[in-house]
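The values are calculated or read from the model by the stated rules, or taken from the named source; none is laboratory data. All of these numbers come straight from a predicted model, not from anything done at the bench. Here the Cβ positions follow ideal geometry from the backbone for every residue, glycine too, while neighbour counts run over all protein chains shown. Keep in mind that these areas ignore ligands, DNA and RNA; they rest on the heavy atoms of the full protein, side chains included. Shrake-Rupley method; radii C 1.70, N 1.55, O 1.52, S 1.80 Å.
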Amino acid sequence: YDFELQKKVAMEVIPLKAGREYTPNPYAPFIALLFRPFARLPYSIAYPLWLIISFSLYVIGLALASGTFFPNDPLQRSLIFCLALSFSPFLWILMGGQIPTIGFIGLALAFRGEYRGRPVLSGLGLSLCTYKPTLLVLFLPMLLITRRYKTLMGFADGGVLLAGLVTAVEGVGVWSGYF
């Protein structure tokens with residue numbers, strides 16, 4: 001992650017007024033790995049491809065969550081889908097290319113694992129939320145207070161796997177830019 005190069009390119013594309021400057025990328029380094037293939041594609045292909053992937057993650061998360069909590073009630077599940085897909089802020093976020101669907105599917109996996117009595121899998125799902133640590137401010141202390149150590153272990157395992165993947169691909173130097 002070369003912040004100086006990012007600032008230079010950003011200023012060439014959209015120059016800011018005097019006294020303002022671009023800030024570093026706030027996301028975990030594994031997000032950069034996710035988007036690396038998109039950066040190699042023309043925008044006219046990368047943007048619709050990300051829309052398809054993001055929308056698919058949202059639908060999969062909805063299916064996981066609704067299937068977990070309403071397994072035998074197709075009417076409830078269909079209402080959840082109708083409401084969720086008509087939620088205008090999601091459409092705005094989707095069209096803007098934002099990435100909250102990663103956290104959504106992580107939480108859907110975490111809740112599904114918890115509901116099915118698979119705490120380690122629940123923690124692994126929750127580890128996807130490390131892309132934005134503020135999502136974990138309430139979850140991690142709650143897990144600790146309620147003594148869900150297996151879930152915390154799954155979370156730690158997932159975090160180590162993500163960090164190991166990033167380190168294997170990018171090297172140790174990527175972490176200084178993130179922290």
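With runs of 4+ DSSP H residues as the only contributors, calculate the mean residue ellipticity of the chain at 222 nm using -39,500 (n - 2.57) per run, divided by the residue total and rounded to the nearest 500. Please list the in-between numbers first.
On the way: 10 runs with 128 residues, N = 179.
Result for the chain, helices only: -22500 deg cm²/dmol.
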Roughly how many Å² of residue 86 are accessible to a 1.4 Å probe, to the nearest 10? 80 Å²
Over 25 Å [Cα-Cα, the chain], rounded percent: 46 percent
Given H placed on each backbone N at 1.01 Å, which residues far from residue 132 in sequence or on other chains put an amide H within less than 5 Å of it? none
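Mind jotting down a quarter of the surface of the convex hull over the alpha carbons of segment 90-166, in square nanometres, one decimal? Spell out each step's value before the answer.
Working: hull surface 21.8 nm².
Projected over every direction and averaged, the Cα hull of segment 90-166 covers 5.4 nm².
Looking at segment 6-67, which trypsin sites (Lys or Arg not before Pro) are DSSP coil and have at most 13 other C-beta atoms within 10 Å of their C-beta?
Those that pass, being in a loop and sparsely packed, are 17, 20, 40.
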At 1.4 Å probe size, what's the solvent-accessible area of residue 142? Round to the nearest 10 Å². 100 Å²
Which FRET efficiency value, to the nearest 0.05, do you get for residue 116 and residue 160 by plugging their Cβ-Cβ distance into 1/(1 + (r/R0)^6) with R0 = 25 Å? 0.60
What percent does the relative contact order of segment 1-140 come to when contacts are Cα pairs within less than 8 Å and at least six residues apart? 23 percent
Under the Karplus relation 6.51 cos²θ - 1.76 cosθ + 1.60, θ = phi - 60°, what is the ordered set of whole-Hz ³J(HN,Hα) values for segment 97-111, x standing for Gly and Pro? x, 5, 10, x, 5, 5, x, 4, 5, x, 5, 4, 5, 5, 5
